[in-house]
1. Restricting attention to the stretch B:51-71, does a residue exist that is part of a loop (DSSP other than H, G, I, E, B) and either within 17 Å of B:PHE300 (Cα to Cα) or away from every other protein chain (no Cβ under 14 Å) (or both)?
2. Inside the stretch A:199-219, can you point out the residues that are out of contact with any Ser or Thr (no Cβ under 9 Å at 6 or more places or on another chain) and surrounded by 17 or more Cβ atoms within 10 Å (Cβ to Cβ)?
3. Quick check on my filter: what residues within the stretch B:110-148 are over 29 Å from B:GLY77 (Cβ atoms) and touching a Ser or Thr at 6+ places or on another chain (Cβ under 9 Å)?
4. Within the stretch A:70-83, track down each residue that is within 7 Å of chain B (Cβ to nearest Cβ) and more than 11 Å from B:PRO317 (Cα to Cα).
5. Looking at the stretch A:96-136, which of its residues are out of contact with any Gly (no Cβ under 7 Å at 6 or more places or on another chain), small (Gly, Ala, Ser) and surrounded by 24 or more Cβ atoms within 10 Å (Cβ to Cβ)?
6. Do the conditions hold for B:VAL196, that is, is it more than 10 Å from chain A (Cβ to nearest Cβ), within 23 Å of the chain's Cα centre (by Cα) and at pLDDT 90 or above?
7. Can we say A:TYR176 is of a type in the set (Phe, Trp, Tyr), buried (at least 22 other Cβ atoms within 10 Å of the Cβ), away from every other protein chain (no Cβ under 14 Å) and touching a helix residue (DSSP H, G or I) at 6+ places or on another chain (Cβ under 7 Å)?
8. Name the residue, out of B:ILE71, B:ILE31, that is surrounded by 17 or more Cβ atoms within 10 Å (Cβ to Cβ) and over 18 Å from B:SER263 (Cα atoms).
Amino acid sequence: MRTKIAIVSAVTVIPLALSACGSSGDVAAADGTKNIGSISQAPRNDGGFTQFGLAGVNAAVEADTNLKLSSIVDNAANSQEQIQGLESLAAKNQIVVADGASFNKAVAVVAPKYPKVHFILVAADLDAYAENVTSVSAAVGYNAIVVGAVASAHSRTKKLGMIAGLQVPASGAWYYGMAQGAALENPNTKVVQTYTGDYNDVGKAKQAAEAMIASGVDSILSDLDSGSGGVYQAAGGSASPADVYDVFALHCESSPHIIGSGVVSWSDILKNAVSDAAAGKLPAGAISYGLGTGALRFEFCPGKGTAEEKGLVEKITKDITDGKIVADKGVLLPKPTYHFEQR
Amino acid sequence: MLSKDLIMRLLVQVGVALAALAVGALLLVAIGVAPPDALHAFWSGTFGTPTNAGTTLTQAVPLLLVALGWILTTRAGRLHVGFPGQILAGGSLATAVGLQCGSLPGPVAVVLIAIAGIGGGALWAGLTAWLWASRGVLEIVSSLLLNLVAIQVADWSVRGPLQGSLDGQPQSANFPAAALWPSVESIPGRTLSYDVVLLPVCAIAVVLLLSRTAFGFRLRVAGGNQEAARWSGIDPVREGVAAIVISGGFAGLAGAALLFAGSAPWMSDGFEAGVGFNGIAVALLARNSPVGAVATAVVFSALNVGGTAMQAQLDVPSSLASVLQGAVIVLVLVAAVVLHGRTRTPSAAKSAARRRSGVVVHSGARTEEA
């Protein structure tokens with residue numbers, strides 16, 4: 001028993017003693033180069049949100065030789081991993097991009113410890129203002145209004161569906177926006193929603209889409225990343241093929257059933273934000289990008305969309321930017337109480 | 001004085017560690033990373049600074065608690081894999097209590113939260129125990145399925161009654177300061193929680209429980225031979241139920257520790273983070289030794305923490321840590337087979353010798369042959 005107690009005590013104490021031999025670890029660039037670190041919940045090559053965000057960071061790096069994307073941490077799924085990842089990145093970078101809504105609280109914990117690092121939080125806001133954090137988000141609900149109107153006009157059954165990974169506010173915005181847009185085009189059009197629990201699970205997405213199609217849905221908005229492949233399979237596999245609308249980008253080559261996409265150019269948004277942060281011009285607080293900046297827009301696949309539908313896109317987009325169409329409840333994410341800028 | 005068997009086991013553990021290092025080095029070379037660089041990044045990310053060492057040790061605590069729960073149930077002859085669900089149940093109940101503890105004195109809040117965590121995990125494990133004891137449902141099946149239920153319940157609760165993030169994310173509100181488990185102030189970032197004392201305390205407590213108490217004796221007898229236990233007046237069902245419920249309590253406490261002793265003071269979906277199954281691996285690596293589990297919990301925690309550091313510094317894929325953990329488990333299984341073969345050979349020789357001398361040992365009854 002004494003031997004066991006001694007072993008247990010040694011195992012507990014030795015790591016602490018060894019840690020005292022280490023260094024404090026903070027690294028700063030000495031040659032004027034600004035290092036950028038990026039962390040995401042999803043894989044870096046998810047074919048969606050994360051990949052496009054990284055493309056924006058890379059675009060900013062290519063445009064400025066003083067910038068370097070030095071570190072990428074992906075698959076940071078839970079809060080502990082996110083905090084570890086953020087701290088590892090903050091120790092050796094001047095700009096840290098936290099790419100995803102789930103990082104909001106983790107950034108709030110880590111940012112105060114690294115006041116010289118500029119954190120860019122993507123697609124979420126902090127609960128409270130921090131001087132070294134800028135949250136950038138896209139008002140995807142505006143885009144969803146346009147998608148809903150187009151899908152309703154194109155639909156035969158007047159029953160639309162929205163499939164997303166997680167039931168988070170950004171996905172809710174796609175649903176509520178789609179419902180508002182559909183109602184603008186035809187008050188009788190119905191919109192249903194399903195969450196698969198995973199943005200990258202093709203099998204679950206296919207099951208969800210098949211269930212929707214079986215219930216009469218003939219147009220599906222896929223708010224998924226690589227999981228969209230399941231929606232494409234389901235849309236092409238049924239007796240009466242369904243139309244698919246993507247988000248973020250056009251994937252027209254992936255399926256002949258894709259009509260268009262509510263393009264959200266996270267690449268443009270991140271390029272803009274990172275470049276501004278590197279130049280010291282990115283204000284702390286929250287910045288929302290809308291249809292007026294061009295970062296958000298609806299695009300048809302080549303050969304898709306009638307002249308009437310294209311006209312509808314232009315009209316709805318203009319009415320939104322002119323303020324004639326006001327977003328319903330749930331279409332836009334809640335504004336933070338601190339400095340907020342709608343671009 | 002260390003026994004020959006203990007020395008052999010230690011040598012096997014060291015061998016497994018060296019083999020795992022070799023596997024890791026090969027993988028690193030395959031992806032174009034120099035092993036010395038990776039080792040430096042791993043070390044600096046795990047024990048290179050007091051801050052990182054604190055994180056590594058604090059994250060070892062939930063792993064050890066789950067491992068101890070597994071050890072208790074296997075000693076009682078039961079086998080369940082419901083730790084993820086019990087962690088979620090314990091963590092959820094601890095969150096519900098912790099969010100109301102803002103006005104309480106710190107020590108009272110900590111005790112209440114720990115009790116809530118233990119209670120939540122034990123209650124969830126109680127479902128498994130009840131299904132097994134009263135309905136004959138295999139505990140490994142029911143516990144596995146109850147994990148899925150717990151995941152959905154936790155997901156619902158963090159989007160419903162426990163949701164507290166201002167922008168509607170599936171996260172609870174931040175826990176009040178009084179509810180957070182205290183940590184060592186002198187370590188930057190306060191990453192070392194005082195719950196690290198649970199590492200030696202719980203391990204020793206389980207050793208004492210199993211070796212020095214009547215309850216531990218009954219558990220071991222019930223797990224060793226149910227028929228013999230019944231003949232001795234020990235109810236193996238009752239002992240099995242007790243072991244499953246206690247293991248649930250350990251897992252529930254792990255859930256509370258994950259939330260209130262870590263650096264992320266809120267509950268979000270997925271906070272369990274694979275600790276439930278990794279804890280089983282920790283116990284297996286320690287060959288179900290409570291003392292050995294302390295070391296293996298630290299090793300597994302270091303693999304998790306160091307994996308993130310290697311990714312941040314050298315762009316090593318995050319999945320490499322998982323691959324290494326898998327390699328360690330496989331190597332442990334190989335080592336177990338080697339040890340089993342080594343220990344079986346002498347006993348087989350002894351049996352043969354006994355047969356030659358006319359003494360036959362059969363099912364516990366010793367008889368003399370004419």
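The values are calculated or read from the model by the stated rules, or taken from the named source; none is laboratory data. All of these numbers come straight from a predicted model, not from anything done at the bench. Cβ coordinates were reconstructed from backbone atoms using ideal geometry, including for glycine residues, and neighbour counts include every protein chain displayed.
1. So far as the stretch B:51-71 goes, no, none of its residues is part of a loop (DSSP other than H, G, I, E, B) and either within 17 Å of B:PHE300 (Cα to Cα) or away from every other protein chain (no Cβ under 14 Å) (or both).
2. Passing the criteria: only A:LYS206.
3. Answer for the stretch B:110-148, where residues must be over 29 Å from B:GLY77 (Cβ atoms) and touching a Ser or Thr at 6+ places or on another chain (Cβ under 9 Å): B:ILE113, B:ALA116.
4. Residues satisfying the conditions are A:SER71, A:ALA77, A:ASN78, A:SER79, A:GLN80, A:GLU81, A:ILE83.
5. Listed by number, the residues that qualify are A:ALA98, A:ALA101, A:SER102, A:ALA106, A:ALA124, A:SER135.
6. no
7. Judged against the criteria, A:TYR176 is not a match.
8. Of the residues listed, the single one that is surrounded by 17 or more Cβ atoms within 10 Å (Cβ to Cβ) and over 18 Å from B:SER263 (Cα atoms) is B:ILE71.
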